[in-house]
Amino acid sequence: MPGNVPPVADERSGRLTFLDQQRPGGRPALRGATCRPLMAAAEGWPATPWVQPWEPATATAQPV
């Protein structure tokens, strides 16, 4: 489970492990995605007036 870092030898390795666990969620957020649109895209929800499934930006976006 992200956020629950196993026992580590020192503080530095614990912080790096925590950041590694957080990274997968950070990339879509940096590209403008939020929770509900990501869930809609991942689970195949139909588009509605209040939730639009997330789609990556056009090809002009720079990779993170």
Report whether or not ALA33 is hydrophobic (A, V, I, L, M, F, W, C), touching a Pro at 6+ places or on another chain (Cβ under 9 Å) and modelled with pLDDT of 85 or more. no
Check the stretch 16-24 and report whether any residue there is in contact with a Phe, Trp or Tyr (Cβ under 7 Å, 6 or more places away or on another chain) and at pLDDT below 80. no
Against the definition (exposed (fewer than 10 other Cβ atoms within 10 Å of the Cβ), more than 18 Å from the chain's Cα centre (by Cα) and at pLDDT 80 or above), how does ALA9 come out, yes or no? yes
Within the stretch 36-54, identify whether any single residue is surrounded by fewer than 12 Cβ atoms within 10 Å (Cβ to Cβ), out of contact with any helix residue (DSSP H, G or I) (no Cβ under 6 Å at 6 or more places or on another chain) and at pLDDT below 80, and answer yes or no. no
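The values are calculated or read from the model by the stated rules, or taken from the named source; none is laboratory data. Small disclaimer: the values here were computed from a predicted structure and weren't measured. Backbone-built Cβ (ideal geometry, glycine too); neighbour counts: all protein chains shown.
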